[in-house]
Amino acid sequence: MMTNLFSIFDPSTSNSLSLNWLSTILFILFTPCMYWMIPSRYQMLISKMFLILNKEFSILLSTSKKPGMTFMLISLFWFILMNNFMGLMPYIFTSTSHIMMTLSLAFPAWMTIMIFGWLNNTNHMFSHLVPQGTPSTLMVFMVCIETISNLIRPITLSIRLAANMIAGHLLMTLLSNSAVMSNIFPIISISMAQITLLLLEMAVAFIQAYVFVVLTSLYSTEIH
């Protein structure tokens, strides 16, 4: 029973044991059996998408490319994308709409980049705190601003993903609630609006996964 509008994003649906977090790995069960048969159309489609992503990430990481870096980014992209799409299915909790899930993805990635940069390129990391051409009178303020902007990066990454996932689901919930007490003609228009919104949500699910990974890769390029 939904007690309020935001309860659809609450992972605790019972007082004993919540199974909502199983949706994080539930997409494995929905992978078609034909995908595991080599070769298959599903595997060729996914492999083609991975090759395109590998080319894109290789361009972004051209100055700081490490063995396996693009593979980790593609794996992160696929994990977020599948969880975003799973949230579009009825009665399945959207794990990427919860700040605890998105922060668990953003914070370790940011912390790993920061530790690697400060341990291996300390002088370069210090130089990033003062942009080139900054007047000497503003250097202290620029160091404070750059430090704060560095510290809030995992928060902005996680909030961006969670907020975009929540926004579309809230609109769909509001439309469905208004259709319950409506007549036949309003229901038709609301249904058309929900179909359009669902298509938009599918695009948002893909774009937000891509933006999350691209920003992570751009942060990693700053440590070299």
Given the conditions (1) in a helix (DSSP H, G or I); (2) open to solvent by 90 Å² or more (accessible area, probe 1.4 Å); (3) at pLDDT below 85, every one holds for SER178 apart from (2)
Kindly indicate whether PHE50 is in a helix (DSSP H, G or I), modelled with pLDDT under 75 and open to solvent by 30 Å² or more (accessible area, probe 1.4 Å). no
Output for the stretch 87-116, where each listed residue is within 14 Å of ARG153 (Cβ to Cβ) and surrounded by 15 or more Cβ atoms within 10 Å (Cβ to Cβ): THR102, LEU103, LEU105, ALA106, PHE107, ALA109, TRP110, ILE113, MET114
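Report whether or not GLY87 is more than 29 Å from GLN43 (Cβ to Cβ), of a type in the set (Gly, Ala, Ser) and either touching a residue at least 24 places away in the same chain (Cβ under 8 Å) or out of contact with any strand residue (DSSP E or B) (no Cβ under 8 Å at 6 or more places or on another chain) (or both). Break it down stepwise before answering.
Details: more than 29 Å from GLN43 (Cβ to Cβ): no; of a type in the set (Gly, Ala, Ser): yes; either touching a residue at least 24 places away in the same chain (Cβ under 8 Å) or out of contact with any strand residue (DSSP E or B) (no Cβ under 8 Å at 6 or more places or on another chain) (or both): yes.
It is false that GLY87 is more than 29 Å from GLN43 (Cβ to Cβ), of a type in the set (Gly, Ala, Ser) and either touching a residue at least 24 places away in the same chain (Cβ under 8 Å) or out of contact with any strand residue (DSSP E or B) (no Cβ under 8 Å at 6 or more places or on another chain) (or both).
Return the total of residues in the stretch 180-224 being over 30 Å from MET69 (Cα atoms) and either of a type in the set (Phe, Trp, Tyr) or touching a residue at least 60 places away in the same chain (Cβ under 8 Å) (or both). Give the derivation first.
We begin by selecting, within the stretch 180-224, every residue over 30 Å from MET69 (Cα atoms); these are 180-200.
When the remaining residues are screened for being either of a type in the set (Phe, Trp, Tyr) or touching a residue at least 60 places away in the same chain (Cβ under 8 Å) (or both), the result is 185, 198.
Within the stretch 180-224, residues that are over 30 Å from MET69 (Cα atoms) and either of a type in the set (Phe, Trp, Tyr) or touching a residue at least 60 places away in the same chain (Cβ under 8 Å) (or both) number 2.
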Could you grab me the full set of residues in the stretch 117-152 that are closer than 17 Å to ILE223 by Cβ, of a type in the set (A, V, I, L, M, F, W, C) and open to solvent by less than 80 Å² (accessible area, probe 1.4 Å)? MET125, LEU129, VAL130
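Determine which member of the set ILE207, ILE145, ILE166 is of a type in the set (A, V, I, L, M, F, W, C), modelled with pLDDT of 90 or more and under 29 Å from MET101 (Cα atoms). Quick ask: steps written out before the conclusion?
Working: ILE145 fails: modelled with pLDDT of 90 or more; ILE166 fails: modelled with pLDDT of 90 or more.
After applying the criteria, what remains is ILE207.
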Cβ-Cβ below 7 Å, separation at least six or inter-chain, first residue in the stretch 41-62 and over 25 Å from ILE223 (Cα atoms), second open to solvent by less than 90 Å² (accessible area, probe 1.4 Å) and modelled with pLDDT of 85 or more: which pairs? PHE50/ILE74
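The values are calculated or read from the model by the stated rules, or taken from the named source; none is laboratory data. Please read these numbers as outputs of a predicted model, since none were measured by experiment. Cβ: placed from backbone, ideal geometry, glycine included. Neighbour counts: every protein chain shown. Only protein heavy atoms, including side chains, enter the accessible area calculation; ligands, DNA and RNA are left aside. Shrake-Rupley method; radii C 1.70, N 1.55, O 1.52, S 1.80 Å.
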